[in-house]
1. Which of (1) among the hydrophobic types (A, V, I, L, M, F, W, C); (2) surrounded by fewer than 18 Cβ atoms within 10 Å (Cβ to Cβ); (3) closer than 28 Å to Tyr97 by Cβ does Phe155 not meet, given it meets every other one?
2. With respect to Val196, determine if the residue is of a type outside the set (Lys, Arg), free of Cβ contacts under 8 Å to residues at least 60 places away in the same chain and either more than 21 Å from Ser55 (Cα to Cα) or surrounded by 13 or more Cβ atoms within 10 Å (Cβ to Cβ) (or both).
3. Could you tell me which residue of the range 91-128 is surrounded by the most Cβ atoms within 10 Å (Cβ to Cβ), considering only residues that are under 16 Å from Gly48 (Cα atoms) and in contact with a helix residue (DSSP H, G or I) (Cβ under 7 Å, 6 or more places away or on another chain)?
4. Please state which one of Met136, Met194 is assigned to a helix (DSSP H, G or I), under 30 Å from Met107 (Cα atoms) and hydrophobic (A, V, I, L, M, F, W, C).
5. Please indicate, with yes or no, whether at least one residue in the range 94-106 is more than 19 Å from the chain's Cα centre (by Cα), of a type in the set (Gly, Ala, Ser) and closer than 21 Å to Lys125 by Cβ.
6. Among the residues of the range 168-201, count how many are of a type in the set (A, V, I, L, M), within 20 Å of Phe142 (Cβ to Cβ) and over 15 Å from the mean Cα position of the chain (by Cα).
7. In the set Ala203, Ala173, Ala182, which member is in contact with a Phe, Trp or Tyr (Cβ under 7 Å, 6 or more places away or on another chain), surrounded by 13 or more Cβ atoms within 10 Å (Cβ to Cβ) and assigned to a helix (DSSP H, G or I)?
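The values are calculated or read from the model by the stated rules, or taken from the named source; none is laboratory data. This one's a predicted model, so the numbers in the text were calculated from it and none came from an experiment. When we count neighbours, we look across all protein chains shown, and the Cβ atoms used for this are built from the backbone with ideal geometry, even at glycine.
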Amino acid sequence: MAAENQVQITIPKDNADHQNPCNINLHESIEESDFSQRAQWLRAAVLGANDGLVSIASLMMGVGAVKTDVKAMILTGFAGLFAGACSMAIGEFVSVYSQLDIEVAQMKRERRTEGNNGFLSDEDKENLPNPFQAAMASALAFSSGAVFPLLGAAFIGDHIVRLWVVVGATTVALIGFGGVGAVLGRTKVVRSCMRVLVGGWMAMGITFGLTKLLGSSGLQM
């Protein structure tokens, strides 16, 4: 009777694959975390390049509103590139250095509570932000965006054509930066591109218009 009452339980072959789904979720979580960290750096670089692009293009359009000389426009663009890159680098250096001081002080307090006299290990130092690296990355990002309008205007002799080439080169770069930023931020590409594009057009148009107004009022040198 005991043999007749025995019940056979069939274990699915793929049961082992479902025994510990946490391993899969943990692996996906680690990959997502790594992607998020990389995306933050890349997105910061894209935003820095977009800042350089819009700033220098607007500056060149402002000069082009009152000056027809290509040399004046190019020199102004390069001056803006150097000034902007230095400003971005110094600002980033000061900001990250302040963050570094705060994190080091916090780590030392935590180490003292652990009884090691507040000394930081090599692993702790590797995880700290690098102000010099951040400053260099910020300057390079700004400069990479500023190059587009400069290259667009460098070889154009006609004043009107030069202005339109600057607008065209800036438009293409704005669309590219907007698309990359949307992919990294996982937002809608078209909406992001249009937002960046309209913002850049507004900056160039306002700078051109106001500078033209000042020039026509007798402030032109």
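1. (3)
2. Numbers: of a type outside the set (Lys, Arg): yes; free of Cβ contacts under 8 Å to residues at least 60 places away in the same chain: no; either more than 21 Å from Ser55 (Cα to Cα) or surrounded by 13 or more Cβ atoms within 10 Å (Cβ to Cβ) (or both): yes.
So Val196 does not fit the description; no.
3. Of all residues in the range 91-128, those under 16 Å from Gly48 (Cα atoms) come to 91-93, 95-96.
With in contact with a helix residue (DSSP H, G or I) (Cβ under 7 Å, 6 or more places away or on another chain) added as a condition, the list becomes 92-93, 96.
On the way: Glu92: 23, Phe93: 18, Val96: 19.
Taking the candidates together, the pick is Glu92.
4. Values: Met194 fails: under 30 Å from Met107 (Cα atoms).
Being assigned to a helix (DSSP H, G or I), under 30 Å from Met107 (Cα atoms) and hydrophobic (A, V, I, L, M, F, W, C) holds for just one of Met136, Met194, which is Met136.
5. Yes, the range 94-106 contains at least one residue that is more than 19 Å from the chain's Cα centre (by Cα), of a type in the set (Gly, Ala, Ser) and closer than 21 Å to Lys125 by Cβ.
6. Residues of the range 168-201 that are of a type in the set (A, V, I, L, M), as a first pass: 169, 172-175, 180, 182-184, 189-190, 194, 196-198.
Now narrow it down to the ones that are within 20 Å of Phe142 (Cβ to Cβ): 169, 172-175, 180, 184, 196-197.
Next, from what is left, pick out any that are over 15 Å from the mean Cα position of the chain (by Cα): 169, 172, 197.
Count: 3.
7. Working: Ala203 fails: in contact with a Phe, Trp or Tyr (Cβ under 7 Å, 6 or more places away or on another chain); Ala182 fails: in contact with a Phe, Trp or Tyr (Cβ under 7 Å, 6 or more places away or on another chain).
Just a single option satisfies the conditions, and that option is Ala173.
So that you can scan it fast, the table gives a plain yes or no per residue for (1) under 21 Å from the mean Cα position of the chain (by Cα); (2) surrounded by 17 or more Cβ atoms within 10 Å (Cβ to Cβ); (3) modelled with pLDDT under 90; (4) among the β-branched types (Val, Ile, Thr):
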| position | (1), (2), (3), (4) |
| --- | --- |
| Ala45 | yes, yes, yes, no |
| Asp51 | yes, yes, no, no |
| Val54 | yes, yes, no, yes |
| Ala57 | yes, yes, no, no |
| Met60 | no, yes, no, no |
| Gly64 | no, yes, no, no |
| Asp69 | no, no, yes, no |
| Leu75 | no, no, no, no |
